[in-house]
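K.L.:
Below is the structure I would like to discuss, written out as structure tokens.
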Amino acid sequence: MANDTDSSCIFCRILRGEIPSKKVYEDEYVYAFEDIDPKAPTHVLVIPKKHFAGLKEAQAEDAEAIGRCHLAAAEIARRRNIEHGYRTVLNVGPGAGQSVFHLHVHLLGGRSLSWPPG
Ligand code: AMP
């Protein structure tokens with residue numbers, strides 16, 4: 001697993017098992033784990049097993065991985081019974097709060113979520 005990883009990336013290190021994580025879901029394409037600083041009762045990060053920095057760096061060949069991250073988020077939401085209302089979020093760039101430069105989908109749910117987000 002995780003052939004296409006970056007040696008210094010924290011999420012690649014999680015994929016390689018060098019940093020512990022609370023696994024929620026895994027398949028051929030993605031790995032999902034509990035966010036260390038949760039912002040909602042469910043706050044799961046879904047990451048592709050291939051390293052790329054984020055949405056603006058993604059290439060056409062990454063389309064399946066990005067889609068699989070979202071499908072995995074939907075599956076986790078089903079399993080957690082939060083389908084009444086949840087949110088999937090990609091923070092893109094530091095100005096939007098991106099702090100880890102390995103694409104990740106935040107799955108947030110289990111509480112009411114206001115709109116627009118901050
Ligand atoms: P972002 O700010 O969109 O780049 O999101 C990065 C997320 O990664 C934040 O919500 C952090 O709490 C989370 N995070 C950082 N390090 C870890 C870690 N070792 N395990 C789990 N979540 C982490």
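K.L.:
Quick check: is even one residue across region 38-51 out of contact with any strand residue (DSSP E or B) (no Cβ under 8 Å at 6 or more places or on another chain), β-branched (Val, Ile, Thr) and modelled with pLDDT of 95 or more?
P.N.:
No, region 38-51 has no match at all.
K.L.:
So, one more: Restricting to region 13-68, give me the number of residues that are under 14 Å from the mean Cα position of the chain (by Cα), in a loop (DSSP other than H, G, I, E, B) and of a type in the set (A, V, I, L, M).
P.N.:
The number of residues fulfilling the criteria is 2.
K.L.:
Is there a residue in region 30-51 that is away from the ligand (no atom under 13 Å from the Cβ) and surrounded by fewer than 17 Cβ atoms within 10 Å (Cβ to Cβ)?
P.N.:
Yes.
K.L.:
Which of the residues spanning region 87-118 are of a type in the set (Val, Ile, Thr) and part of a loop (DSSP other than H, G, I, E, B)?
P.N.:
Listed by number, the residues that qualify are Val92, Val100.
K.L.:
Answer yes or no as to whether Ala60 is without any contact (Cβ under 8 Å) to a residue 12 or more places away in the chain and either open to solvent by 50 Å² or more (accessible area, probe 1.4 Å) or not aromatic (Phe, Trp, Tyr) (or both).
P.N.:
yes
K.L.:
Separate question: Can you pull out every residue in region 79-99 that is polar (S, T, N, Q) and open to solvent by 30 Å² or more (accessible area, probe 1.4 Å)?
P.N.:
Asn81, Thr88, Asn91, Ser99
K.L.:
Between Lys23, Lys50, Lys56, Lys39, which is closer than 17 Å to Asp4 by Cβ and charged (D, E, K, R)?
P.N.:
Lys50
K.L.:
Let me ask you something else. Mind listing whichever residues of region 1-29 are within 8 Å of the ligand (Cβ to nearest atom) and touching a helix residue (DSSP H, G or I) at 6+ places or on another chain (Cβ under 7 Å)?
P.N.:
Ile19, Ser21
K.L.:
Is it true that Ile76 is touching a strand residue (DSSP E or B) at 6+ places or on another chain (Cβ under 9 Å), part of a loop (DSSP other than H, G, I, E, B), among the β-branched types (Val, Ile, Thr) and surrounded by 16 or more Cβ atoms within 10 Å (Cβ to Cβ)?
P.N.:
Taking the combined requirement at face value, the residue does not satisfy it.
K.L.:
Here is a follow-up. Where the second residue is among the basic types (Lys, Arg) and surrounded by fewer than 22 Cβ atoms within 10 Å (Cβ to Cβ) and the first is closer than 28 Å to Glu64 by Cβ and free of Cβ contacts under 8 Å to residues at least 40 places away in the same chain and lies in region 95-115, which pairs have Cβ atoms under 7 Å and are six or more apart or on separate chains?
P.N.:
Hits for this filter: zero, empty list.
The values are calculated or read from the model by the stated rules, or taken from the named source; none is laboratory data. Fair warning: this is a prediction, and the values are worked out from it, not measured in the lab. All Cβ positions, even for glycine, are placed from backbone atoms using ideal geometry, and neighbour counts span all protein chains on display. For the accessible areas, the whole protein counts, side chains as well, though only heavy atoms, and no ligand, DNA or RNA atoms are used. Shrake-Rupley method; radii C 1.70, N 1.55, O 1.52, S 1.80 Å.
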